[in-house]
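J.: To start, I am sharing the structure in question, which I have written as structure tokens.
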Amino acid sequence: MQRNLTCLLVALTGVVLAAAQDKPAAKPVATAATSPKAKAPTILPSDEAVNAFLQQTFGYNPQLSWRVQDIKPSAAQGLAEVDVIVVSPQGEQPNKFYVSADGEHALVGDIIPFGAHPFTADFKKLKRGSDGPSRGPADAKVTLVEFSDLQCPHCKEAQPEIEKLLAEEKTVRLVFQNFPLPMHNWAAKAAAYADCVGRASNPAFWKFIQGTYDAQADITESNADDKLKAIAEAAGANSADIAACAATSETVGRVERSLELGRSVNVTSTPSLFINGRLVGLGGIPYDALKNLVDFTAQHPE
């Protein structure tokens, strides 16, 4: 599970994000209006300004490098979003931060929706886009959507909590969405296998997920096909059919669409759980608080 840029900056530099001292002129980019009231253009920092800032922030550590993925208008009017991959000996970590229109300040953390119904928009996106295997009643008052990476140790650690929650909350529905992280070398293949097992047999899917978590430490990039086929067979699926399915462009496309869905609701790490559209980072919240959130959501729908 990747750490966000806030943690990296606090741990590695001990300073709050600030803009680079020497920055080229910012570039304006007009954004399309999404309502009758037109939005002002978002001022985007240049690639040079972003890299100068990152050099000042991380340049003291020769073990760190980075690459800028994207500089674009954020969901919050007037702020530019910068997506960066930070590379360390522990692997690649996708991160993001935001730059103010004057180019003088950067902000880290999550931009969250505001209002009387702050989670409705993401809930609707997830209802339209979620197509993974599910458990629980289709008409449940509370729908959990889990974005997970089968190679992620934190996802494995969170699984018992999810199972406990489903055992105690009989009217809750869970939908599983693949979100393999780029830092993991067999996660995308496991996601493809999981997608195929799920389409072949819903009961086999949940056994496959648990089997993969159980064998996580023994799976490598080189033996992933053999291990995943064995796990699929043990779960009750035809391993040859699943392997053939996993290699198709259709399956690769389905996994990519699941990734795109996650990105559209600001998933940046795994495991990420949505409770009727409310994003909860599993692992950072006590189980009792998680259960209280589910109970509260059932009593106070958006």
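The values are calculated or read from the model by the stated rules, or taken from the named source; none is laboratory data. In this text, all values refer to a predicted model and were calculated from it rather than measured experimentally. So basically every Cβ, Gly included, is an ideal-geometry build from the backbone, and we count neighbours across all protein chains shown. Side chains are part of the model used for accessible areas, which takes the heavy atoms of the whole protein and leaves out ligands, DNA and RNA. Shrake-Rupley method; radii C 1.70, N 1.55, O 1.52, S 1.80 Å.
J.: If you check 266, 202, which single one turns out to be of a type outside the set (Gly, Ala, Ser), under 26 Å from residue 94 (Cα atoms) and out of contact with any Phe, Trp or Tyr (no Cβ under 6 Å at 6 or more places or on another chain)? Spell out how you get there, then give the answer.
T.: Values: 202 fails: under 26 Å from residue 94 (Cα atoms).
Just one listed residue meets the conditions, 266.
J.: So, in the range 218-231, of the ones that are part of a helix (DSSP H, G or I) and open to solvent by 40 Å² or more (accessible area, probe 1.4 Å), which residue ends up farthest from residue 182 (Cα to Cα)? Give the derivation first.
T.: In the first step, residues of the range 218-231 are kept if they are part of a helix (DSSP H, G or I); the result is 218, 224-231.
Then keep just the ones that are open to solvent by 40 Å² or more (accessible area, probe 1.4 Å); that gives 218, 225-227, 229-230.
Working: 218: 19, 225: 18, 226: 21, 227: 20, 229: 22, 230: 24 Å.
Ranking the qualifying residues of the range 218-231, first place goes to 230.
J.: While we're on this one: Condition (residue is surrounded by 15 or more Cβ atoms within 10 Å (Cβ to Cβ) and within 14 Å of the chain's Cα centre (by Cα)) applied to the range 232-255: is it met by at least one residue?
T.: Yes, the range 232-255 contains at least one residue that is surrounded by 15 or more Cβ atoms within 10 Å (Cβ to Cβ) and within 14 Å of the chain's Cα centre (by Cα).
J.: Which members of the range 195-217 meet the condition of being free of Cβ contacts under 8 Å to residues at least 40 places away in the same chain, crowded, with 17+ Cβ neighbours inside 10 Å and part of a helix (DSSP H, G or I)?
T.: Hits for the range 195-217 are 204, 207, 208, 211.
J.: Among the residues of the range 117-129, which ones are open to solvent by 90 Å² or more (accessible area, probe 1.4 Å) and part of a loop (DSSP other than H, G, I, E, B)? Talk me through it step by step, then tell me what you get.
T.: Restricting attention to the range 117-129, the residues satisfying the condition of being open to solvent by 90 Å² or more (accessible area, probe 1.4 Å) are 117, 124, 127-128.
Once the filter is applied, which keeps residues that are open to solvent by 90 Å² or more (accessible area, probe 1.4 Å) and part of a loop (DSSP other than H, G, I, E, B), the range 117-129 yields only 117.
J.: Of these, 174, 166, 144, which one is surrounded by 23 or more Cβ atoms within 10 Å (Cβ to Cβ) and closer than 25 Å to residue 289 by Cβ? Write out each step before concluding.
T.: Details: 174 fails: surrounded by 23 or more Cβ atoms within 10 Å (Cβ to Cβ); 166 fails: surrounded by 23 or more Cβ atoms within 10 Å (Cβ to Cβ).
Exactly one of 174, 166, 144 is surrounded by 23 or more Cβ atoms within 10 Å (Cβ to Cβ) and closer than 25 Å to residue 289 by Cβ, namely 144.
J.: Let me ask something else about it. Kindly establish whether residue 277 is under 9 Å from the mean Cα position of the chain (by Cα) and over 14 Å from residue 158 (Cβ atoms).
T.: Numbers: under 9 Å from the mean Cα position of the chain (by Cα): no; over 14 Å from residue 158 (Cβ atoms): yes.
No; evaluated as a whole, the condition is false for this residue.
J.: Looking at 266, 292, 185, which is the one that is without any contact (Cβ under 8 Å) to a residue 60 or more places away in the chain and either of a type in the set (Gly, Ala, Ser) or part of a loop (DSSP other than H, G, I, E, B) (or both)? Steps first, please.
T.: Details: 266 fails: without any contact (Cβ under 8 Å) to a residue 60 or more places away in the chain; 292 fails: either of a type in the set (Gly, Ala, Ser) or part of a loop (DSSP other than H, G, I, E, B) (or both).
Within the list 266, 292, 185, the selection yields 185.
J.: Would you mind telling me which numbered condition in (1) loosely packed, with under 15 Cβ neighbours inside 10 Å; (2) more than 21 Å from residue 140 (Cα to Cα) residue 300 fails?
T.: So residue 300 meets the others, but not (2).
J.: When the residues of the range 261-296 are narrowed to those that are of a type in the set (Val, Ile, Thr) and open to solvent by 20 Å² or more (accessible area, probe 1.4 Å), which ends up nearest to residue 165 (Cα to Cα)?
T.: 285
J.: Give me the pairs: first residue in the range 136-148 and free of Cβ contacts under 8 Å to residues at least 12 places away in the same chain, second residue open to solvent by 50 Å² or more (accessible area, probe 1.4 Å) and not polar (S, T, N, Q), beta-carbon distance under 9 Å, and six or more apart or on different chains, which are they?
T.: Once the first residue is free of Cβ contacts under 8 Å to residues at least 12 places away in the same chain and sits in the range 136-148, its partners that are open to solvent by 50 Å² or more (accessible area, probe 1.4 Å) and not polar (S, T, N, Q) give 139/173.
J.: When residue 77 is evaluated against the numbered criteria (1) part of a strand (DSSP E or B); (2) surrounded by fewer than 16 Cβ atoms within 10 Å (Cβ to Cβ), which criterion, by number, is the only one it fails?
T.: Of (1) part of a strand (DSSP E or B); (2) surrounded by fewer than 16 Cβ atoms within 10 Å (Cβ to Cβ), only one is false for residue 77: (1).
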